[in-house]
Each structure stands twice: as C-alpha cells, then as structure tokens.
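S.K.: Questions regarding the structure given below will be posed in turn.
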Amino acid sequence: MAATQQNGAEEPGARRWTEPDPQAVTAKIAELRKLANPQFAAALAAFIATAEDDHVTGYAIRSPELARKARRLLPRLVEDPDRYLEAPAGESSNQYHERLRRFRVAAEREGMLLYYVTAGMVARRGHRPPEPNPRARARRRLADEFPERFLELLREEQELDAERAEEQARERAAARAAGS
C-alpha cells in the first residue's frame, strides 16, 4: 500500500499515472465504432502489438460500447495474427515466432480484461455473467447456418414433447381412475 501512495516528491524517472482526457476517449470510441470488423480488428491488433501505453485507445477499446466487439474478434486475431500484423523487414524465423508468442500472450491478457469489463456490465444490471456454454454457441451457429433444418428439428421436438405430455396425462388419469 505504501508503494502506491503519493507522499512528497516523486522519484526521478518514475512514471506517473494520468487519466486520459475524457473527450479524447469519446472521440476515439466514435472513430472506432465507425470501423467495419476487419478494420477494427486491425486497429485492435495494432493496439495489442504495441509495447507503448496508449491509454486513450485502451480506454476506448475497453469501453462498454466496444468491449463486446473486441472480445468477439480476439479469437480471430490469436488464430491468424499474420493477417492483422505487419512483419518487420529482415525478421528472422526466431524473431517472427517470438513476436507472435508475445502478441498471443498480450491478446490473452487483453481478452481477460475485456471479459472483466463485459462481466462488470452484466453485474451492474444485477445479473451474474453466464458460464461459457459451447453447446449453446454451437446450437446458435447451426441455427444461423441452417435455419430451415433447425426449424424442422425444432418443430419435431415440440411435437414429441406434446406427445409425451399427453401420454403422461393419460397415465396420470389412468392411475387416478385405478385408485378410485
């Protein structure tokens, strides 16, 4: 705790935390919201890949307006970083692999930050964030990719449920009649 307190003069060479200008963050959010997914992904990759601290872009990407979009695009960046990052000229194979490793680690870190931002947005509404559910995501993707077949299967399952409910009602009625 003592290390975080600002008592007296600052140490020479120490970096002091400053909040970015709220108007600059708002302008950056507006700028990034206008971008299509590929351009936004490229901007996100550039932000993740830079070693320097760009607080304005960081606040904008982690804002409630952009956090979901950034979190949704992160797996693409990790899967295929070459698509979004420019390779420096004369880079050796070892340097290339190290650069990709550092990028993936930074993207994973950013993904965790974005998870906490989105979980906080849900928590502010008085709800708990949902647990990851790969089956539900797969079901949604199948419904999006094959809507006719999905609706056909859904109707079949609804009919089966109705038939089961009728059968159970008949069994209950028969049990009541036998018990009388």
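S.K.: How about the range 76-120: which of its residues are part of a loop (DSSP other than H, G, I, E, B) and in contact with a Pro (Cβ under 9 Å, 6 or more places away or on another chain)? Quick ask: steps written out before the conclusion?
M.R.: Quick first cut of the range 76-120, residues part of a loop (DSSP other than H, G, I, E, B) only: 80, 84-92.
Result: 84, single match.
S.K.: Is there a residue being loosely packed, with under 10 Cβ neighbours inside 10 Å and out of contact with any Ser or Thr (no Cβ under 7 Å at 6 or more places or on another chain) anywhere in the range 103-111? Walk me through it before giving the result.
M.R.: Taking the range 103-111 and keeping what is loosely packed, with under 10 Cβ neighbours inside 10 Å, we get none.
Scanning the range 103-111 turns up no residue that is loosely packed, with under 10 Cβ neighbours inside 10 Å and out of contact with any Ser or Thr (no Cβ under 7 Å at 6 or more places or on another chain).
S.K.: Further question: Regarding the range 48-60, can at least one residue be identified that is touching a residue at least 60 places away in the same chain (Cβ under 8 Å) and in a helix (DSSP H, G or I)?
M.R.: yes
S.K.: Could you check how many residues of the range 136-158 are under 17 Å from the mean Cα position of the chain (by Cα) and either exposed (fewer than 10 other Cβ atoms within 10 Å of the Cβ) or charged (D, E, K, R) (or both)?
M.R.: Quick first cut of the range 136-158, residues under 17 Å from the mean Cα position of the chain (by Cα) only: 136-138, 140-141.
Retained after the next criterion (residues that are either exposed (fewer than 10 other Cβ atoms within 10 Å of the Cβ) or charged (D, E, K, R) (or both)): 137, 140-141.
Total meeting the criteria: 3.
S.K.: Separate question: If you check residue 123 against the conditions, is it over 22 Å from residue 76 (Cβ atoms) and either touching a residue at least 12 places away in the same chain (Cβ under 8 Å) or part of a helix (DSSP H, G or I) (or both)?
M.R.: Numbers: over 22 Å from residue 76 (Cβ atoms): yes; either touching a residue at least 12 places away in the same chain (Cβ under 8 Å) or part of a helix (DSSP H, G or I) (or both): yes.
For residue 123, the condition - over 22 Å from residue 76 (Cβ atoms) and either touching a residue at least 12 places away in the same chain (Cβ under 8 Å) or part of a helix (DSSP H, G or I) (or both) - is met.
None of the figures in this text is laboratory data; all of them are computed from the coordinates on show. Only a predicted model underlies this, so the values are computations on that prediction, with no experimental measurement involved. Neighbour counts are summed over all protein chains in view; Cβ atoms, including those assigned to glycine, are modelled from backbone coordinates with ideal geometry.
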